[in-house]
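Presented below is the structure to which this report refers.
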There are 2 protein chains.
Amino acid sequence: MPQLLEKSQLIRGVLAGERVPLARGISWIENEHEDAAELLDACYARSGNAYRIGITGPPGAGKSTLVTRLATAFRERGETVAIVAVDPTSPFSGGALLGDRVRMGELAGDRGVFIRSMATRGSLGGLAVHTAQVCDVFDAAGFTRILIETVGVGQSELEVAQTADTTAVVLVPESGDAVQAMKAGLMEIADVFVMNKSDREGAERAAHAIRSALELRAPTSGWRIPVESTVASTGQGVDTLRERLEEHLGFLRGSGDLERRRRQRLEQRLRELVRERLWAGYERRVSAEARRRALEDVLERRLTPRQAAERLANS
Amino acid sequence: MPQLLEKSQLIRGVLAGERVPLARGISWIENEHEDAAELLDACYARSGNAYRIGITGPPGAGKSTLVTRLATAFRERGETVAIVAVDPTSPFSGGALLGDRVRMGELAGDRGVFIRSMATRGSLGGLAVHTAQVCDVFDAAGFTRILIETVGVGQSELEVAQTADTTAVVLVPESGDAVQAMKAGLMEIADVFVMNKSDREGAERAAHAIRSALELRAPTSGWRIPVESTVASTGQGVDTLRERLEEHLGFLRGSGDLERRRRQRLEQRLRELVRERLWAGYERRVSAEARRRALEDVLERRLTPRQAAERLANS
């Protein structure tokens, strides 16, 4: 049984980067614990220093292994690393399946690394907000690099990846060609492409297809999106990838894009928080009974869904 | 340039199953046209007869081809078929990439089939609502089978698939084993599994892995989830799949699950509609200037995101 921590004590511990308060504090955020607000307020004021990197891509692309290797590469450069592994599909199973977290064993025991898995609870947009909040906590706790890993490339996962400063999209030769990446909306969000498992057949062709597709697009900034080849299982190419990520941070800072992006992210986050509060206000205002009656009216086709929603929202 | 249609004329045309009004009416819904409400009200009252089948699975599983074949199989049984192909990731690209719609060429010219692609605009939850609304329109227009196809298995795609009466999950031998399916939350939502491209190596093993994983779960209803093998490109197994889907409809009807599910779906949809209206009310109430000021306060760290959201939501 973990030691009970007083709120102010926990917040002090988090800001000092202590592991037990950190783990507890993040659970507060996940569970929307009543004391989370104070923790978040304290952390927000001290955040803004960490470099946040979103790592997304289809299941099976080897993201967990890559993230592990990348964390090691950052550690070798003296950075401290927090890893946030996000599984947005788990509302269906009630909890994340964390089997491949085991692979991160090689980082165990390193106190300059903190690994945390997060599953979604409640609303859709909530996951991106919770992720950003957890990153604020790691940021305030003094971690200098935060890696946000998603399990797949669904819309909510892309949103999560986009809470970061830089978004890296990991593909494998078998992910199919550039058209698939375009279909999944990945071309629009990637700052860096990674062709992982690049020792497999077709890797060069697949990387080339991505490069060609990128060249066809109108440049949207001065950053030329690189396609980095890695073999995460052996570590090949991972340090070059780390360099490329650092270069992107440099570019973001130099061009003013870092500020612009963070502003956009914050605007989006504020919007989600307002939505949540509007809904909470509605739930306080409109009784379960009134909602049940409206549903019956729709089922019996006395009202259409639109009419019922109008009535409920205005009550 | 399409002929301009008067609203009442369009609604009559839709209810008579005419193609031009149908296409136009669906665009109204997608674009949240001011006349969409009246169309939806008219259609809702007449809906509830079509059997809605959601077809989801990872990109590259051959869903488009399978849906095409399945539509043909239903046509051969005298059903009329509407296909709704949904691409939730396209907010990033501004429009769905509809290349593989071309494959549906074999259905072209058959007036008992209507194919419609939908991209998401605006809010996340909106896509599931729009899909349900478009299905209501097809339902009211007299189509007896509605196939809802998603491009991938992200959370919003699973939500879309779950607006249906039955959800079929399409995998291929390369999709990896049952663990991947569990990770993606597919075990929880599938009523029928399809192992497509089952002429490939490893298909039997992959199907077996799914069956084994299914057996480990506590049965949640009297329905035993089948795993059907198909080769969509040749049509092999597709008619058996069609039979299985019809069996599931029979099961849903007999057990009362059809009613229960539709009730749940409607409750979810009502919730989304209320959310939309709450947000619209907020946007009317709080000026862009007030929102901009709040964002500045957060950026300058005079307020935390939480405090700013609280202030905005209560104003």
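A compact globular protein would have a Cα radius of gyration near 2.2 N^0.38 Å; the ratio found for chain A is 1.09.
Spin-label pair B:Arg211-B:Glu310: with each label point 7 Å from Cα along the Cα-Cβ axis, the two points sit 5.8 nm from one another. Were the residues from B:Arg293 through B:Gln9 laid out at 0.36 nm apart, the gain over their Cα-Cα distance would be 97.5 nm.
Residues whose amide H lies under 5 Å from that of B:Ala232, counting only those 5 or more places away or on a different chain, are B:Lys197, B:Ser198; hydrogens are built 1.01 Å from N in the peptide plane. Once the label point is set 7 Å along the Cα-to-beta-carbon vector, what list of distances in nm do you get between A:Thr240 and its counterparts in the other copies? Ordered by distance, the counterparts are at 4.8 nm. The modelled label-to-label distance for the pair B:Glu243/B:Arg262, using points 7 Å beyond Cα in the direction of Cβ, is 2.7 nm. The angle separating the long axis of helix B:238-255 from the principal Cα axis of greatest extent in chain B is about 60 degrees. Across the alpha-carbon atoms of the protein assembly as shown, the computed radius of gyration and Dmax are 24.8, 72 angstrom.
Computed on segment B:1-45, with alpha-carbon pairs under 8 angstrom and 6+ residues apart, the relative contact order is 31 percent. Using bins of 5 Å that start at zero, the share of Cα-Cα pairs per bin across segment B:271-313 amounts to 5, 24, 24, 20, 15, 9, 3, 0, in whole %. Taking amide H as placed 1.01 Å from N in the peptide plane, A:Glu149 has its amide H under 5 Å from the amide H of A:Ile55, A:Val84, A:Ala85, A:Val86, each at least 5 places away in sequence or on another chain.
In chain A, helices alone account for a calculated mean residue ellipticity at 222 nm of -16000 deg cm²/dmol, with every DSSP H run of four or more residues adding -39,500 (n - 2.57). Helix A:19-30 axis versus longest C-alpha principal axis of chain A: approximately 50°, rounded to the nearest ten.
Summary value for chain B: 19 percent relative contact order, contacts being C-alpha pairs under 8 angstrom separated by 6+ residues. Each copy carries a label point for B:Glu106 at 7 Å from Cα along the beta-carbon vector; from one copy to the others these points are 4.7 nm apart, nearest first. Report, for B:Gly256, each distance to the same residue's label point in the other copies, shortest first and in nm; define the point 7 Å along Cα→Cβ. The projected label point of B:Gly256 is separated from its counterparts by 6.5 nm.
Farthest towards the positive end of the charge dipole of the protein assembly as shown, among the residues B:Leu39, B:Val81, A:Ala16, is the Cα of B:Leu39, using unit charges on the Cβ of Lys, Arg, Asp and Glu. Among beta bridges identified by DSSP and lying wholly in the protein assembly as shown, the antiparallel ones come to about 5 percent. Of B:Val274, B:Leu299, B:Leu312, which is farthest along the charge dipole of segment B:271-313 in the positive direction, counting Lys and Arg as +1 and Asp and Glu as -1 at C-beta? The residue sitting most towards the positive pole is B:Val274. For chain B, the longest principal axis of the Cα atoms and the long axis of helix B:63-76 meet at an angle of about 60 degrees. Amide H contacts of B:Ile115: B:Ile83, each under 5 Å away and 5 or more positions distant or on a separate chain (H built 1.01 Å from N in the peptide plane; Pro and chain starts excluded). Antiparallel beta bridges, as assigned by DSSP with both residues in chain A, represent about 5 percent of the total such bridges.
FYI, it's all coordinate maths here, none of it is from the lab. Since we're looking at a predicted model, the values are computed, not measured. Quick reminder, even Gly has a Cβ in these numbers, built from the backbone with ideal geometry, and neighbours come from all protein chains shown.
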